[in-house]
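So the structure is just underneath, and the comments pick up after that.
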Amino acid sequence: MREPETRSAAKPAAQDPFGGLTTREAAERLSEYGPNSVARGARTPLWARVVAQLRDPLVLVLLGAAVLTALTGDFADTAVILLVVTVNTVVGVIQEVRADKAVTALSDLSAPTVRVRRDGGETEIPSADVVPGDVVLLEEGDIVPADADLLDASALLVDESTVTGESVPVDKTAPATAAGSGAKPDRPDPAGRLQAGTVVARGRGVGLVTATGAASTLGRIAALMTGRPGPTPLQRRLAQLGRVLAAVVIALCVVVFVLGLLRGRPVEEMAVTAISLAVAAVPESLPAVVTLGLALGARRMAARRAIVRNLPAVETLGSVTVLATDKTGTLTEGRMVAQRLWTPYGTADLSGTGYAPIGEVLVDGRRADTRDAHLRELLTAAALCNDAALVPPAAEAPDASWTTLGDPTEAALLTAAAKLGLDRDDLRAEHPRVAEAPFDSARKRMTTVHRDRAGRIRAVLKGAPEVVLAPEFVEGTAELLASARDAADRLAAQGHRVLAVATRNLDAVPARAEDVENTMSLLGLVAISDPPKPSARETVRACRSAGITAVMITGDHPATARAIASRLGIADDDAEVLTGAELPDAAPSQVVATRVFARTTPEQKLEIIQAWRADGAVTAMNGDGVNDGPALRQADIGVAMGRRGTEVARQAADLVLADDEIGTVVAAVEEGRRVYTNIRRFLLYGLAGGAAEIAVMLLGPAFGLAVPLVAAQILWINLLTHGLTGVALGAEPTEPHSMRRPPRPPGQSILGDGLWQRILVLGAVVTAVTLAVGTWADHDQRPWQSMLFITLLFAQLGIVMGLRDRPLTRDNPSLPAAVLGSVALGLLALYVPVLQELLKTEALNTTELATTLLGAVTGFAAARTQRRLRATTR
């Protein structure tokens, strides 16, 4: 089969291009170019996915710990470790399988069937059978099945928002050479080119297919989505920690074993002790803490309408330094709304969002109605020179949004008229249309002729101000036309799409509506835009407060992009806007310094994200269209809209916003920071305790304590501190002011920002108090080993309570419950005969037990003091 990039080289049949292919020609081309579908990569076998999960350094350390605990006969600990590894592996494999659906979702954008001309007649075929050279017939509502050049078009309007990001449907016209001479131009104008996956919003067209499958627009986007994103920041940090712990464990085993032999201890005893200490040094509950923290975070996010598709994405949000977002439907409503009216007699503002006829027309704060003649005339004309319709929600779904049929810009005019009290159906019944000249991109205007019940005839002209406000169309003084042009320029600079409306009374119905497009009276201007969501500006402000840089990447017009970015606080009014045409020549430093990108392609959105990542940023990409898919997949975290978003965007994303509110991202970022804080809190607790256990074993003999702890006692402490207590620590609530701090540096170690120093300090405190109690008990001929054992346990449990933001908070009651349970199990080890024999412990009297509480008090005080000192230095 020929390579995909050659598919666009096909030429139409030698005969009239409108005639299409023969069945034989189509079969030959289908064999040559392959089906018109997105190629799917080979599936990764299940065993390969499992092996990839088990190769993680921390998992390898845990597997080593499982072997060591099995060698010591501690099969309970072995089972716990293996369970943790199994759960994490299963979760990771499930996430990978879900992520692989991103490319397959592109097939949902292909039309199941399409009408083509074959053998001189029309026929319907599966879209997969479309080949280059086919002539396809398109009508309103059809999905364009492949890339094509227009041969003929009538009032054709195509919604390209999912592919290009353009918020307004695009007028399409057939090149004159194609329609007139039958020859296809070598480089058709964009207005005459159709892209696969777009939707016909209005009119009809005939297209000559130029590219299918992998060479089509959807195929090229699919190719951009085949690369697998790298590990998340948390995964990179945990992998680094795993390598460090592996080295520590190996070194520890050797050091303890050799020192024991030098002191004359039996080889078997020192082997068991060394293995036990190695297990103590490994926080085997860390994967469970991570998984629980991420799962609880995902659950909390779901309650706030954010659905997590990839668990590590929960923490990644807390690391984000750059939030790149699409404009249409993400920062904006995704629905066109008339927001301002201008007439030669004054201006008016309109309230309300969406297409629902709910809102007001306000003149100087006063609500206007149909008694305001100038506004009534303007909006009546705009509603008559109009082919759209408003569709109310179905009776069974009264809470759904109003939708439209036809051009969204024209629908916005109908909504504006309804807000003034004008009904579209009544207007059309009173002023039926008797002639028309449809809008197209060449004329940039539309004219309709109407006859009222009294027999009066009037023409209405609507179009681009630069066309309508010309003397050959509208009559009026030079001052009037200049004032109208100035108003149109101001509104356009604010990001509005501006339409000028004019009218003229006639004596008779013209033969052609175009013939009456002169000596018209200007009624006014209507400024229409896709307004920002109410939550968008607050979201940008919250991001800035949290040290996150907001960037807009859109396929829309540069002026529109700049205006929206300015209104939301993303950039200043005079900020540089980098367009897709300028991007290839831009230096990487210019790219990362820019806050607004316009007229970008899917490939360029991906390049922008990669430029930020190469600069060391942790990126989140927010979007809803097919054109956002590659960037969503390659960003550190992809965030897609749930309602408005395409299936491609949802499948490529790690997080789906069920309510389509970008403000939900801020809540998700806060949740991500909570998860990461709790992971670091557990590491501080777990590694400080492990360091103390090691130090006690190494330093004990210097204080006359030959073997401070037996292997079983070490494993028992490890089970109680790293088990339920450690896991419960992962559910601690959010720290105060977490969203007023900058994100963590992307390259920072998980033990960075002073954490390893804090681990050493707490470990030293626990070591000191434990050895102090043990030495005193030995000197006073008390059961020193049992007292040392329980003091070490109490000290670590004191630390875990001291690490809480608010020790007496009722949030996360599982932590104090787990601590009480660990205390109870520790005491049982002292007083239950079976455990006494297993752990080599003795019962303590009241004085001895009270002395061991010094460990809990010291551990708690050390943790609280450390937190206060850290708070004062921030």
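The values are calculated or read from the model by the stated rules, or taken from the named source; none is laboratory data. Computed from a predicted model, the values in this text were never measured in an experiment. Quick reminder, even Gly has a Cβ in these numbers, built from the backbone with ideal geometry, and neighbours come from all protein chains shown. Heavy atoms of the whole protein, side chains included, go into the accessibility calculation; ligands, DNA and RNA do not. Shrake-Rupley method; radii C 1.70, N 1.55, O 1.52, S 1.80 Å.
Listed values, structure above:
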{"quantity": "Calculated P(r) tail over 19 Å for the range 597-714, as whole % of Cα pairs", "calculated": "63"}
{"quantity": "Rule-of-thumb Rg ratio for the range 384-529 [Cα; 2.2 N^0.38 Å; N residues]", "calculated": "1.11"}
{"quantity": "Overall form of the range 488-529 per C-alpha gyration tensor (a/c, 1.5; a/b vs b/c)", "calculated": "prolate"}
{"quantity": "Over the range 524-592, volume per residue of the alpha carbon convex hull, in Å³", "calculated": "112"}
{"quantity": "Distance in nm between pseudo-label sites at Thr22 and Ser351 (7 Å out along the Cβ direction from Cα)", "calculated": "6.9"}
{"quantity": "Ranked packing of 512-524, 116-128, most packed first, by mean Cβ within 10 Å", "calculated": "512-524, 116-128"}
{"quantity": "Inter-probe distance in nm under a simple model that places probes 7 Å from Cα toward Cβ, at Leu698 and Arg741", "calculated": "2.9"}
{"quantity": "Hydrodynamic radius by Kirkwood, which averages 1/r over all alpha carbon pairs of the range 483-614, in angstrom", "calculated": "17.6"}
{"quantity": "In Å, descending, principal axis extents of the Cα set of the range 290-366", "calculated": "65, 25, 19"}
{"quantity": "Dipole of the chain [Lys/Arg +1, Asp/Glu -1 at C-beta], most positive-end residue of Thr560, Pro438, Leu296", "calculated": "Leu296"}
{"quantity": "Computed Kirkwood radius, in angstrom, where 1/r is averaged over Cα pairs of the range 736-809", "calculated": "15.0"}
{"quantity": "Average projected area [Cα convex hull, the range 575-619], square nanometres", "calculated": "2.9"}
{"quantity": "The range 640-689: C-alpha pair distances exceeding 13 Å, %", "calculated": "64"}
{"quantity": "Mean projected area (nm²) of the alpha-carbon convex hull when the range 675-822 is viewed from all directions", "calculated": "9.5"}
{"quantity": "Rg(Cα)/(2.2 N^0.38 Å) for the range 305-415, N = residue count", "calculated": "1.47"}
{"quantity": "Alpha-carbon centroid distance for the pair the range 676-719 / the range 399-417, whole angstrom", "calculated": "68"}
{"quantity": "Separation between Cα centres of the range 857-872 and the range 610-668, rounded to whole Å", "calculated": "40"}
{"quantity": "Radius 9 Å from Cβ of Gly802, net charge of other residues (Lys, Arg +1; Asp, Glu -1)", "calculated": "+3"}
{"quantity": "Listed peptides 215-221, 432-438 by packing density, highest first (mean Cβ within 10 Å)", "calculated": "215-221, 432-438"}
{"quantity": "Viscosity 1.567 mPa s, temperature 4 °C, Stokes-Einstein D of the range 425-475 from Kirkwood C-alpha radius, µm²/s", "calculated": "108"}
{"quantity": "Rounded tilt (10° steps) of 711-722 against the dominant C-alpha axis of the chain", "calculated": "30"}
{"quantity": "Whole-percent carbon and sulfur share, accessible surface of the range 591-690, 1.4 Å", "calculated": "44"}
{"quantity": "Cα gyration tensor, the range 715-769 - rounded (a/c under 1.5), prolate or oblate", "calculated": "oblate"}
{"quantity": "Against the rule of thumb 2.2 N^0.38 Å, how large the Cα Rg of the range 549-644 comes out", "calculated": "1.00"}
{"quantity": "Mean accessible surface per residue for the chain, computed with a 1.4 Å probe while every protein chain stays in place, in Å²", "calculated": "41"}
{"quantity": "Degrees between helix 233-262 axis and first principal axis of the chain (Cα, 0 to 90, nearest 10)", "calculated": "10"}
{"quantity": "The chain, helix-only ellipticity at 222 nm - DSSP H runs n ≥ 4, -39,500 (n - 2.57), divided by all residues, nearest 500", "calculated": "-15000 deg cm²/dmol"}
{"quantity": "Per-peptide average of other Cβ atoms within 10 Å, ordering 741-753, 814-826, 542-554 highest first", "calculated": "542-554, 814-826, 741-753"}
{"quantity": "On Cα atoms only, tilt of 408-420 relative to the major axis of the chain in degrees", "calculated": "80"}
{"quantity": "The chain, relative contact order in percent, only Cα pairs under 8 angstrom and at least six apart counted", "calculated": "13"}
{"quantity": "Fraction of alpha-carbon pairs over 38 Å apart in the chain - percent", "calculated": "55"}
{"quantity": "The range 321-411: relative contact order as a whole-number percent, Cα under 8 Å and 6+ apart", "calculated": "21"}
{"quantity": "Cβ-placed point charges (K, R +1; D, E -1), dipole of the range 365-416 about Cα centre in debye, nearest 20", "calculated": "340"}
{"quantity": "Cα extents of the range 767-874 along the three principal axes, largest first (Å)", "calculated": "47, 30, 20"}
